[in-house]
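The values are calculated or read from the model by the stated rules, or taken from the named source; none is laboratory data. Since we're looking at a predicted model, the values are computed, not measured. Note: ideal-geometry Cβ built from the backbone for every residue, glycine included; neighbour counts use all protein chains shown.
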Amino acid sequence: MSALSEPVESEHGGGESGIPVSNTYGSKKFPQAIIIGVKKGGTRALLEFLRVHPDVRAVGAEPHFFDRYYHKGLEWYRNLMPRTLDGQITMEKTPSYFVTKEAPSRLCAMNCDTKLIVVVRDPVTRAVSDYTQTRTKSPGLQSFQTLVFKNSSLGVIDTLWSAVRIGMYAQHLENWLQHFPLSSFMFVSGERLVSDPAGEVGRVQDFLGLKRIVSDKHFYFNQTKGFPCLKKPEGSSRPRCLGKSKGRTHPHIPADVLQKLREFYRPFNNKFYQMSGHDFSWD
Ligand code: A3P
């Protein structure tokens, strides 16, 4: 398997002609900021939006260093990074870090001052999105309602199913807070990233200490895609939306199943609002 497993949806670092531009300026640094989660929260959208900023340089694919490839060592990781000049920020995104027990201590061992960005989305919708992705890869997959309950007649939610477990944000955050102070985190609303991308990216630029350069004028709403898209992505002068794997149509899930899941998440959500200091109003 390739070390960088999420398909890179756009090619960066090449000129408009498609000929790679070799960049020998600057140096490869460890990331000062990482999008650590959550899977299906809108992490690709956020990274692509931030990359428009001239002072942000990011790895295109997901390095998975602090979960899968830690044994390869820090120099392997640093080598994956793009070169940056002084004042530029190096970034990467690997959403599975948020739910990996060992990730916080490993990341802190690299640099405990790393800024951590978590894109969170209503855990019910996130679970359906996650299921939709898995089903795309395994078309014979059982129905959502079969997988979500331990025993469907009792209606007990299966917390071991990763589509459910990932959305228990309070539990994962608790693990991270053993190693990082709350001030290291920025929580981005996955919903607002769709409804007001410039506003959400504006807050992230502030958090990263960057000048607010990415703004309303960089986005347009693409009716066909049903999502905001970039007028001029990094390394291109043509407008571009994210690829087909972002913004899939979700299958219909019976309302009573969604209701059960919503009730299940309520205490976790309330705890997460308290811990993070943000009320995301998911129910
Ligand atoms: P869906 O495919 O379920 O709609 P991630 O990049 O973390 O895997 O998240 C994928 C999700 O990003 C998509 O889930 C989609 O809802 C969301 N998203 C947010 N902004 C988007 C945008 N501008 N274009 C496409 N998808 C976007």
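Taking LYS72 and the conditions (1) within 16 Å of the ligand (Cβ to nearest atom); (2) among the charged types (D, E, K, R); (3) surrounded by fewer than 16 Cβ atoms within 10 Å (Cβ to Cβ), which numbered condition does it fall short on, given that it satisfies the others?
Going through (1) within 16 Å of the ligand (Cβ to nearest atom); (2) among the charged types (D, E, K, R); (3) surrounded by fewer than 16 Cβ atoms within 10 Å (Cβ to Cβ) one by one, LYS72 breaks only (1).
Taking the condition touching a helix residue (DSSP H, G or I) at 6+ places or on another chain (Cβ under 6 Å) and basic (Lys, Arg), does ARG203 pass?
When the stated conditions are applied, ARG203 does not pass them.
Tell me, yes or no, whether the range 76-97 has at least one residue that is aromatic (Phe, Trp, Tyr), in contact with a strand residue (DSSP E or B) (Cβ under 8 Å, 6 or more places away or on another chain), over 29 Å from TYR220 (Cβ atoms) and more than 11 Å from the ligand (Cβ to nearest atom).
Scanning the range 76-97, I find at least one residue that is aromatic (Phe, Trp, Tyr), in contact with a strand residue (DSSP E or B) (Cβ under 8 Å, 6 or more places away or on another chain), over 29 Å from TYR220 (Cβ atoms) and more than 11 Å from the ligand (Cβ to nearest atom), so the answer is yes.
Within the group GLN223, GLN171, GLN205, which residue is over 17 Å from the mean Cα position of the chain (by Cα), touching a residue at least 24 places away in the same chain (Cβ under 8 Å) and farther than 15 Å from ARG121 by Cβ?
GLN171
If only one of THR125, THR134 is within 12 Å of the ligand (Cβ to nearest atom), part of a helix (DSSP H, G or I), surrounded by 15 or more Cβ atoms within 10 Å (Cβ to Cβ) and among the polar types (S, T, N, Q), which one is it?
On inspection, the qualifying residue turns out to be THR125.
Report yes if ALA103 is of a type in the set (A, V, I, L, M) and within 16 Å of the ligand (Cβ to nearest atom), otherwise no.
no
For the range 228-249, name all the residues that are touching a residue at least 40 places away in the same chain (Cβ under 8 Å), part of a loop (DSSP other than H, G, I, E, B) and in contact with a Cys (Cβ under 8 Å, 6 or more places away or on another chain).
LEU242
Out of the residues in the range 247-275 meeting the condition of being within 10 Å of the ligand (Cβ to nearest atom) and in contact with a helix residue (DSSP H, G or I) (Cβ under 6 Å, 6 or more places away or on another chain), tell me which one is farthest from PHE144 (Cα to Cα).
ARG248
I need the full set of residues from the range 210-220 which are touching a residue at least 24 places away in the same chain (Cβ under 8 Å) and more than 25 Å from ARG126 (Cβ to Cβ), in order please.
Those that are touching a residue at least 24 places away in the same chain (Cβ under 8 Å) and more than 25 Å from ARG126 (Cβ to Cβ): LEU210, LYS211, ILE213, HIS218.
Would it be correct to say that GLY167 is surrounded by 14 or more Cβ atoms within 10 Å (Cβ to Cβ) and on the phi > 0 side of the Ramachandran plot?
For GLY167, the condition - surrounded by 14 or more Cβ atoms within 10 Å (Cβ to Cβ) and on the phi > 0 side of the Ramachandran plot - is not met.
From SER276, SER245, SER215, SER237, grab the single residue that is at pLDDT below 95 and out of contact with any Lys or Arg (no Cβ under 8 Å at 6 or more places or on another chain).
SER237
Which pairs have Cβ atoms under 7 Å, sit 6 or more apart or on different chains, and link a residue in the range 27-51 that is closer than 15 Å to LEU210 by Cα and more than 11 Å from the ligand (Cβ to nearest atom) to one that is modelled with pLDDT under 95 and of a type in the set (Asp, Glu)?
If the second residue must be modelled with pLDDT under 95 and of a type in the set (Asp, Glu), the pairs left are ARG51/GLU234.
Looking at the range 250-283, which of its residues are touching a residue at least 60 places away in the same chain (Cβ under 8 Å) and over 21 Å from TYR169 (Cβ atoms)?
The answer is PRO251, PRO254.
Does at least one position in the range 181-196 carry a residue that is surrounded by 15 or more Cβ atoms within 10 Å (Cβ to Cβ), under 28 Å from ASP86 (Cα atoms), away from the ligand (no atom under 12 Å from the Cβ) and among the small types (Gly, Ala, Ser)?
For the range 181-196, residues surrounded by 15 or more Cβ atoms within 10 Å (Cβ to Cβ), under 28 Å from ASP86 (Cα atoms), away from the ligand (no atom under 12 Å from the Cβ) and among the small types (Gly, Ala, Ser): present.
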